Structures are given as structure tokens and as C-alpha cells.
Amino acid sequence: MRYDTQAVLSGLPDDPYGAVGLPIYATAAFSFSSLEEGARRFATGEGYTYSRLQNPTNRALEERLAALEGAEDAVVFASGQAATLASFIALLQAGDEIIAATGLFGQTTGLFNQILGLMGIKVHYVPAERDAMAAVLSDRTRAIFVETLSNPDLSIPDFEGIAALAEAHGIAFIVDNTFGAVGALAQPLSLGAHVVVESLTKWASGHGSVLGGAVLVRKTDLWQRYTLYTTPDEEGKSLWSTFGPQAYMSRVRQLGLSLMGMVLSPFHAYLIFQGLETLPLRVERASRTTLELATFLQGHPKVWKVRCPALPEDPSHQRAKRYLRGFGTLLTLEVKEGLEGAARLLEKCRLLQAPNVGDVRTLVVHPWTTTHSRLSEAARLKAGVTPGLIRISVGLEDPEDLKAWLDESLA
Ligand SMILES: *Cc1c(COP(=O)(O)O)cnc(C)c1O
């Protein structure tokens, strides 16, 4: 099946009534027909027992996400943050190190420094280029972490170089593919990543109505390079000897869901599952509008600078052509009069102002005073966030309305 077909047909379970849509299993527990049946489900992990571990509605979403990302398996979580935490907690031990790209989503940096920091994990932040990452690599490095498209800088990592580095050293290459829109824009697992984490709150749900997240993995034997996975317990069994290549995802599920309880509600799984059905159409339409707006803004006398990977002279254009299936639905503009200009533009703006992306509605945000306001001025400028910068996540409105409203507020 091709991508657009997977978006509407993958993951649908066999239903005793022939339901065409996805049923919502609003149940905490699942009953057994006998002692043997209960014992078998607990021993093998097959079938359902309790919704903190697995639920058929959530499982359908996991199967659809795996199909769309070209993954071997997926586990869904209550939010993107929960998914990122689970992906690392399943891999790390005290004293390990991570190499991460600079300019990450702010809450990811917070999670690394404030939560993983408690475990004695050290994170090196360097640009998402092979040589910069190789320079801080050590025998304690356990993971390399980048985002498909950084925000609001819109830079794209050196996927091939970093994947080769990770492969050569037997280190997990983990990509936050939130901005890759569940494969509609990028499939990092086909670019050499071992693991993808993503927020389903954005393009996947598409309607800005729910939060969700996922961890996805490709088929790999990498986990046998980790002592955490090969060290035997009292019975002489290791995670690798018990689960083989599935060892990583079974630990993600065990730690993130069974023990930490960061569970997605089946109602929300249903909404995200349905959102995915229109994902290819939404991304295609909004991408076309994004290019139209970028071209319009580029020629505007009040605009100093426009960034959009779709523009041929944009610093991200070449990598977008190489690694993405399109150019995405985000652009940034910088107004000529800095903070004051941005404030005046937003005061008069008919577009919705909200700190979200991937919504059906076009959303504008002023990163300097909102999403990035917790960073020092120097850190903001380093991340490409200037006082006059405005980020636009383009939605499905008629492009003529969007141009007219932007023109009106710029005037
Ligand atoms: C939104 C976002 C997250 C966090 O996702 P939530 O669903 O809000 O928890 C992580 N990474 C990126 C790149 C995001 O945009």
C-alpha cells in the first residue's frame, strides 16, 4: 500500500460487527475465560489485560503510525514529552552521555537537563552536523538526538552523516520527527535513524484538539551493543536473550506505560487515528499555501527577512530537497522594526495567535516573548530567535484571505 492508502486503511482492526471506523474500547481491564487464559496472557504479553499496558484502540493507532513512518513497531503515549522521556529512559543508565542538536524544542532541553540530569546523564549540545557530533563522542555516548526541522530556525540535520557516525559506533540515532508530520514530510527511519519520537498533538491530530505522542523503531540488532540489554539477571536471562530485536520496544512499553503510566486515553487515540486519515491532504494543501505566502511576504516592503525551506535561496532548501518529501507548512518572517514592529503587527492581526503548529487553522506566534522566553537573550539569538521574528504555522484557510490579513496587519 502507498502512503495515502495507508493513511485511511492501515491499523483498522477486525470488528465483530463490521464497523468501518475505529471502535473506542473504553475499558480499564479485560476479562479472562479461565485461570489458564489469565496466566497465558500475563506470561506471554499476548492479548489484553489492563489498559495501562495495552488497549485495542491504542493498538490500532500504533499500527497505523508504524505503517506511515515505515516502522517495525510503535508505542503511543499521553504526549510528545512522555514519548521522548520513554525513549531515553529505556536506553540509559547513570553516567551515560547523549549528543543532542542545538536549538531543540525548549521542553526537550528542559527534560534532558532537569529530568535526565537527575540520573547523572550528561548532554552535549552541538550543531546537527557529523563533524561537530563526532568531536564530542566518547565511549559513554549512548544516543544522538536531532529534530527533523528545528523550530523556529527551520534547519535540517545532516541525516546521512549522523546516521553513518551512529552506525559506526553502535549508538542509537533518535530523531524527533514531529515536524516530519508522521512521514507525510519525512521518514527518518529510512534515513538511518533507529528510533523516532514524535508529538501527535501537531500534524497527526491536525485539529489542535488533543495531545499525544509516539515512539517508533525500525528493525535493528543495535540493542545487543548495550550492556543494559545484555547483562543477565539472577536467572541468567538478559533483555536481549528474552526479547531479541524487540527488546527496546518492550522496555519502552514496560517503563513508559506499565511503570510510569504515561498512557494515552483511547478517546484521544481515536481522534488522532481519525486525524491521520486526512494528514496527506492537509500537508499537501498547507504546503502549497506556505510557498504562496512566503513568496508574497518576500516581496513585501515591511518585511526584512523570510525563512521557508520552499524558497530556492533558503539555507535549508537543498537539504529539504534531499531529505523531505515536500517543504512543509511553516515559515518565519522578520519585520523591520524589531520587537515594536512585531507587537504592532500582532495587535492588528486577524490570524489566531497560539503556541501550536500543524493545526487546520493558521497560527502565528512571537517566539521571543512566548515559546522561547525562558531562554537567556544570548541563547535566544543563538537559536535564531530575534525580537522581530514571527512564526507562522500555515493551515487550510483560503490563501487569498491569509495574504489579505497579513497585508492588512503589515500595513
Ligand atoms: C510539541 C513538540 C513536542 C512535545 O509534544 P507535546 O505533545 O506537546 O508533549 C516535542 N517536540 C517537538 C518538536 C514539538 O513541536
**Request:** With the checklist (1) touching a Ser or Thr at 6+ places or on another chain (Cβ under 9 Å); (2) crowded, with 23+ Cβ neighbours inside 10 Å in hand, flag the one item Ala86 doesn't pass.
**Result:** (1)
**Request:** Test Val175 against the stated conditions and say whether it is within 12 Å of the ligand (Cβ to nearest atom), closer than 18 Å to Thr108 by Cβ and in contact (Cβ under 8 Å) with a residue 40 or more places away in the chain.
**Result:** no
**Fill in**
Of the conditions (1) within 10 Å of the ligand (Cβ to nearest atom); (2) open to solvent by less than 10 Å² (accessible area, probe 1.4 Å), the single one that Thr201 does not satisfy is (2)
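What do you reckon, is Val146 open to solvent by 10 Å² or more (accessible area, probe 1.4 Å), modelled with pLDDT of 95 or more and aliphatic (A, V, I, L, M)?
On the way: open to solvent by 10 Å² or more (accessible area, probe 1.4 Å): no; modelled with pLDDT of 95 or more: yes; aliphatic (A, V, I, L, M): yes.
Answer is no for this residue.
Have a look at Arg350, Arg380, Arg319, Arg391 and point out the one that is at pLDDT 95 or above, among the basic types (Lys, Arg), outside any strand (DSSP E or B) and not assigned by TED's automatic domain parsing to the domain that holds Gln107. Spell out how you get there, then give the answer.
Details: Arg350 fails: at pLDDT 95 or above; Arg380 fails: at pLDDT 95 or above; Arg391 fails: outside any strand (DSSP E or B).
So the residue among Arg350, Arg380, Arg319, Arg391 that is at pLDDT 95 or above, among the basic types (Lys, Arg), outside any strand (DSSP E or B) and not assigned by TED's automatic domain parsing to the domain that holds Gln107 is Arg319.
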**Request:** Looking at (1) surrounded by fewer than 17 Cβ atoms within 10 Å (Cβ to Cβ); (2) touching a helix residue (DSSP H, G or I) at 6+ places or on another chain (Cβ under 8 Å); (3) modelled with pLDDT of 95 or more, find the lone condition where Pro280 falls short.
**Result:** (1)
**Complete:** Log entry, pairs with first residue in region 57-73 being assigned by TED's automatic domain parsing to the domain that holds Val20 and modelled with pLDDT of 95 or more, second being of a type in the set (S, T, N, Q) and surrounded by fewer than 22 Cβ atoms within 10 Å (Cβ to Cβ), beta carbons closer than 7 Å, six or more apart or on different chains, reads Glu63/Ser10; Arg64/Ser10; Ala67/Gln6; Ala67/Ser10; Leu68/Gln6; Gly70/Ser190
**Asked** For Glu235, all conditions in the list (1) within 11 Å of the ligand (Cβ to nearest atom); (2) acidic (Asp, Glu); (3) assigned to a loop (DSSP other than H, G, I, E, B) hold save one; what is the number of the exception?
**Response** (1)
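Condition first: assigned to a helix (DSSP H, G or I) and either within 20 Å of Val217 (Cα to Cα) or in contact with an Asp or Glu (Cβ under 9 Å, 6 or more places away or on another chain) (or both). Can you find one or more residues in region 40-48 that meet it?
Here is the first cut: in region 40-48, the residues assigned to a helix (DSSP H, G or I) are 40-44.
Now narrow it down to the ones that are either within 20 Å of Val217 (Cα to Cα) or in contact with an Asp or Glu (Cβ under 9 Å, 6 or more places away or on another chain) (or both): 40.
Checked against the condition, which is being assigned to a helix (DSSP H, G or I) and either within 20 Å of Val217 (Cα to Cα) or in contact with an Asp or Glu (Cβ under 9 Å, 6 or more places away or on another chain) (or both), region 40-48 yields at least one hit.
Using the structure shown, decide if Arg59 is basic (Lys, Arg) and open to solvent by 20 Å² or more (accessible area, probe 1.4 Å).
On the way: basic (Lys, Arg): yes; open to solvent by 20 Å² or more (accessible area, probe 1.4 Å): yes.
In short, yes.
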**Fill in**
If we ask which residues in region 337-364 are more than 16 Å from the ligand (Cβ to nearest atom) and closer than 23 Å to His207 by Cβ, their number turns out to be 8
**Residue, nearest to Val210 (Cα to Cα), within region 93-114, restricted to residues that are surrounded by fewer than 20 Cβ atoms within 10 Å (Cβ to Cβ) and aliphatic (A, V, I, L, M)** = Leu111
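Please verify whether region 140-155 includes one or more residues that are in a helix (DSSP H, G or I) and farther than 24 Å from Pro367 by Cβ.
Of the residues in region 140-155, the ones in a helix (DSSP H, G or I) are none.
No; the residues of region 140-155 include none that is in a helix (DSSP H, G or I) and farther than 24 Å from Pro367 by Cβ.
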**Request:** Out of the residues in region 235-252 that are touching a residue at least 60 places away in the same chain (Cβ under 8 Å) and crowded, with 21+ Cβ neighbours inside 10 Å, state the one that is nearest to Leu53 (Cα to Cα).
**Result:** Val252
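Quick check on region 32-56: of everything there that is under 16 Å from Gly256 (Cβ atoms) and open to solvent by 10 Å² or more (accessible area, probe 1.4 Å), which residue is modelled with the lowest pLDDT?
First pass over region 32-56, keeping only residues under 16 Å from Gly256 (Cβ atoms): 45, 50-55.
Subset that is open to solvent by 10 Å² or more (accessible area, probe 1.4 Å): 45, 50-54.
Numbers: Gly45: 84, Tyr50: 96, Ser51: 96, Arg52: 97, Leu53: 95, Gln54: 95.
Per the criteria, the residue is Gly45.
The values are calculated or read from the model by the stated rules, or taken from the named source; none is laboratory data. Not measured: the values here are computed from a predicted model. Using ideal geometry, Cβ is built from the backbone for each residue, glycine included, and neighbour counts are taken over all protein chains shown. Keep in mind that these areas ignore ligands, DNA and RNA; they rest on the heavy atoms of the full protein, side chains included. Shrake-Rupley method; radii C 1.70, N 1.55, O 1.52, S 1.80 Å.
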